[in-house]
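S.K.: For reference, the structure I am asking about is given below.
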Amino acid sequence: MARIERYEDMKVWQLGRKLVTTIYALTLASDFAKDFGLKDQIRRSAMSIPSNIAEGFERNGNKEFIHFLYIAKGSAGELRTQLMLSLDLNYISLSSFKSALNEIEEVSRTLKGFIDYLKRSGYTGEKYSTKVSEADAPYLTQWQTAENFEF
């Protein structure tokens, strides 16, 4: 059976990491430079997503991991709101907003799918020996293939 050995191998963590770079690039704009509060908060919300995925993974079991995945998902919701406020304040363009919003929504959907998978998996032990359905495979890692998992 395949195991997820490192959080860095998880697709959802990789998406979260990419999202952080997107948000940092957006907040480098001069309009954000004047609004320290929003700039710092939107960056913190973005950083919270991959950070909570990593922290939850380093815990010893699905229950805690799922808890931290929910925190990451909550941060994605907070980030969506802050992105909308940034658009309302004309800090970002509509095209930048739509592009970043798509990334946030992908992270959120992937988190939900992964949480649902972990809840259904029945694994409660120390990491995640993986017996997955083909439908669940996309929520795990980018390196997964049929030979990596038991279907």
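S.K.: Among the trypsin sites (Lys or Arg not before Pro) within region 59-97, which fall in a DSSP loop and have no more than 15 other Cβ atoms within 10 Å of their own Cβ? Walk me through the numbers before you get to the answer.
M.R.: Numbers: sites: R59, K63, K73, R80; in loops: R59.
Within region 59-97, the qualifying trypsin sites (Lys or Arg not before Pro) (loop, at most 15 other Cβ atoms within 10 Å) are R59.
S.K.: Follow-up question, since we're still on this one. Over all Cα pairs of region 1-105, how is the pair count split among 10 Å bins, expressed in % and running from 0 up to the last occupied bin?
M.R.: 15, 45, 25, 12, 2, 0
S.K.: Let me ask something else. So which of K11/K34; K11/K98; K11/K63; K34/K98; K34/K73; K39/K119 end up more than 31 Å apart by C-alpha? Walk me through the intermediate numbers first.
M.R.: Working: K11/K34 34 Å; K11/K98 22 Å; K11/K63 20 Å; K34/K98 23 Å; K34/K73 28 Å; K39/K119 35 Å.
Beyond 31 Å between Cα atoms: K11/K34; K39/K119.
S.K.: Report the relative contact order of region 2-124, percent, no decimals, based on alpha-carbon pairs under 8 angstrom and at least 6 residues apart. Please report the intermediate quantities before stating the final value.
M.R.: Numbers: 119 pairs, mean separation 34.6, N = 123.
The value is 28 percent.
Values quoted throughout were computed directly from the atomic coordinates according to the rules given, and no laboratory measurement underlies them. Note that the coordinates shown come from a computational prediction; the quantities given were computed from them, not determined experimentally. Positions of Cβ are backbone-derived with ideal geometry, glycine not excepted, and every protein chain shown enters the neighbour counts.
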